[in-house]
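Read through the structure below, which is laid out as structure tokens, and then see the notes.
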Amino acid sequence: LRIRPIDVHQSRVSVKRCRALVKLMLHEPTASTSALDRTLRDANRALSAGRDAHVLNDTLRLLIQRGKLELKLKRFSHPPEELKNAAVAAQVQLEAALALLPSATALAGLSVADAIEAMRQVYRAACQRWRRAEKSGHDEDYHDVRKDTKALAYQLEWLVELLPLAELRDELIELGKLLGRDHDLVLARVQMDAGAVPLPIESLAALDQIARKLLKKTRRRTRAVQQRCLAESSSAFALRLQNALLESLLGPVPAPTPVV
């Protein structure tokens, strides 16, 4: 079968949604959720090589377009057989993971308190990693923030009827996209530095300068979005979830009466 970039990407997104759901199931036995999470993680990694190859193609084309460079860029990707093997491995592992998923009725045992606590923990991890990334400036730290941000967005998506926080979810999705673009630019620079892109030295130097400028601009935009969705404490975030739930069930929460 011909494996399209969109198929690889959508498969990885589906796996990540499952992992986010697993993190909400705190009422399930720890051994069960841990085994399921590891299986989903392995399925996701099996598709990563193909996804990175496609991202490198798209990123280099973006750099050339933004830099208005007249370069003939060949298509860089992993050998078709390698991509096929990765997809087959991911399919087998994903089927095993889905077989371990509980039935839909099992979610009835998920309490609101458990769901809020699970999201609070992921939110706290994302905030901590963001502070570490801003302090260190390391690309790997920004990538860690992206993973937690996407997990939190997927968790809100699973509970969208229970916790109608569409605005927060949309901001988290936007933050994840910006961090994804950040990662793509970093990947392109790493590949160019490693000699994986067969272009003249002058062209590589020009592309690297473009990548640096785009990365700087992307991180400025990322900070602006981060201030809207990852700036409060984890306890304040949990309180916001609780208030949203109360408002969806009982109507707007009245403001406290001032003491005279």
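The table below lists the values:
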{"read-out": "Test result for Leu207, in contact with a helix residue (DSSP H, G or I) (Cβ under 8 Å, 6 or more places away or on another chain), modelled with pLDDT of 90 or more, open to solvent by less than 20 Å² (accessible area, probe 1.4 Å) and of a type in the set (A, V, I, L, M)", "value": "no"}
{"read-out": "Enumeration of residues in the range 2-13 that are free of Cβ contacts under 8 Å to residues at least 12 places away in the same chain and either aromatic (Phe, Trp, Tyr) or within 18 Å of Thr39 (Cα to Cα) (or both)", "value": "Gln10, Val13"}
{"read-out": "Qualifying positions in the range 19-37 - open to solvent by 20 Å² or more (accessible area, probe 1.4 Å), touching an Asp or Glu at 6+ places or on another chain (Cβ under 9 Å) and part of a helix (DSSP H, G or I)", "value": "Arg19, Lys23"}
{"read-out": "The lone exception for Lys68 - which of (1) more than 22 Å from Gly195 (Cβ to Cβ); (2) modelled with pLDDT of 75 or more it fails", "value": "(2)"}
{"read-out": "Options Ala133, Ala86, Ala96; residue that is at pLDDT 85 or above, under 24 Å from the mean Cα position of the chain (by Cα) and either crowded, with 16+ Cβ neighbours inside 10 Å or within 23 Å of Asp37 (Cβ to Cβ) (or both)", "value": "Ala133"}
{"read-out": "Scan of the range 173-204 for residues that are over 16 Å from the mean Cα position of the chain (by Cα) and open to solvent by 60 Å² or more (accessible area, probe 1.4 Å), ordered by number", "value": "Val190, Asp193, Ala194, Pro198, Pro200, Ile201, Glu202"}
{"read-out": "Matching option when the condition is at pLDDT 80 or above, touching a helix residue (DSSP H, G or I) at 6+ places or on another chain (Cβ under 8 Å) and open to solvent by less than 50 Å² (accessible area, probe 1.4 Å), among Leu56, Leu40", "value": "Leu40"}
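The values are calculated or read from the model by the stated rules, or taken from the named source; none is laboratory data. From a predicted model like this one, the values you see are computed outputs, not experimental measurements. Glycine also receives a Cβ, built like all others from the backbone with ideal geometry; neighbour counts cover every protein chain displayed. Quick note on the areas: whole protein, heavy atoms, side chains included, nothing else; ligands and nucleic acids left out. Shrake-Rupley method; radii C 1.70, N 1.55, O 1.52, S 1.80 Å.
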